[in-house]
Amino acid sequence: MKKTLTMKDIAKLAGVSQPTVSRVVNGNPTVDPEVRARIEKIISDQGFKPNSSAKTLRSNSSKIIGVILFDLSNYYYLEMIKYVEKVAGENGYTVIILNSQGDKYLEKEHILNLQARNVDGIIIAPVAKENLEFLKNQNENFVIVDCTLPNYPCVYTSLIQGGKIATEHLFNLNHRKICFIGADKKNTKLLGIKEFFSEKDLNFSDEWFIETDPTNANLDNLSLKLNSIKDFPTAFITSNDIIALNLIKELDKKGLYTPKDISILSFDDTIISTALNITSIRHPVDLMMKNAIDYLLNENKLPIQKSLSPILIERDSTSLLDIPF
């Protein structure tokens, strides 16, 4: 039988003190990066799983679910927290919420910290695939939310479908010049938009895609990029509500107002879109969290790839374009 390693064993293999290993496991940022990397490699190679409580070890359940989210400055992730706490509470569990801030190293520290607390499962909106491989190699009970990756358990909204639904809504309002503002060209929302254009035998101009960091609330370069568009769109689709808010500000500077001059449709349907009456694509976050927790608590689980359908919420930011086609 393989010996169960302790922190003392890990410390001996790494050539450091046991308290140093403990600091790495608990996510303490004061450890030298080179030493941290060496300890984390040994932990990964040896399949070490720390337990911080003899009580939870004996009961084999902490009744805690860990949740690692990408960006808690985004209201969308705050919606996730609301529903995950609700569903977990209904099942007799509490949750630990951690923010990776889009940083793969911080995400790894959070994973180690949750393992030290002997959580019964981890819900993660991931930053780095290498951290998912770590979870998988450790036989950790985890599920990914908000994106789909082959060979991993995932619960997500079909954003390709969302892109198509958004574009179809604007198409039915006579819009043909539709610009998307979001992350890179592989963005699944953008793929859905382009797929709809292709099905209608229409051309999606390259200049109708504005690439930006969706976590950047300031969007400092948005004005410059808008000014560079030669064939200006009649409608915009934004990757999230924060971008939509900043887009409205920039268009106002140009004397273009929604929906009289420009239609705007966003993703996420957070409090921002509600307050500003922005038409938005809603993620069924309540179902996402329910499916995620159901998966974690199912002892006889099979790998899951659960796709949820997005929902169009119509408000006053989109209107019929007067020019007939």
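Would you confirm, using the coordinates I've provided, whether I281 is in contact with a Gly (Cβ under 9 Å, 6 or more places away or on another chain) and either open to solvent by 10 Å² or more (accessible area, probe 1.4 Å) or within 18 Å of S239 (Cβ to Cβ) (or both)? Spelling it out, I281 is indeed in contact with a Gly (Cβ under 9 Å, 6 or more places away or on another chain) and either open to solvent by 10 Å² or more (accessible area, probe 1.4 Å) or within 18 Å of S239 (Cβ to Cβ) (or both). Note on segment 23-35: among residues that are in a helix (DSSP H, G or I) and more than 12 Å from L112 (Cα to Cα), the one that is least open to solvent (accessible area, probe 1.4 Å) is V35.
Looking only at residues of segment 280-321 that are touching a strand residue (DSSP E or B) at 6+ places or on another chain (Cβ under 9 Å) and of a type in the set (S, T, N, Q), we find that the one that is nearest to D241 (Cα to Cα) is S280. When segment 136-152 is limited to residues that are modelled with pLDDT under 95 and hydrophobic (A, V, I, L, M, F, W, C), the one that is surrounded by the most Cβ atoms within 10 Å (Cβ to Cβ) turns out to be C147.
You will find that of L226, L190, L245, the residue that is outside any loop (DSSP other than H, G, I, E, B) and over 30 Å from Y156 (Cβ atoms) is L226 and no other.
The values are calculated or read from the model by the stated rules, or taken from the named source; none is laboratory data. On a predicted model such as this, the values are computed, not experimentally measured, just so you know. Glycine gets a Cβ as well: all are built from the backbone with ideal geometry, and neighbour counts include every protein chain shown. Accessible surface is based on the protein model in full, side chains and every heavy atom, while ligands, DNA and RNA are left aside. Shrake-Rupley method; radii C 1.70, N 1.55, O 1.52, S 1.80 Å.
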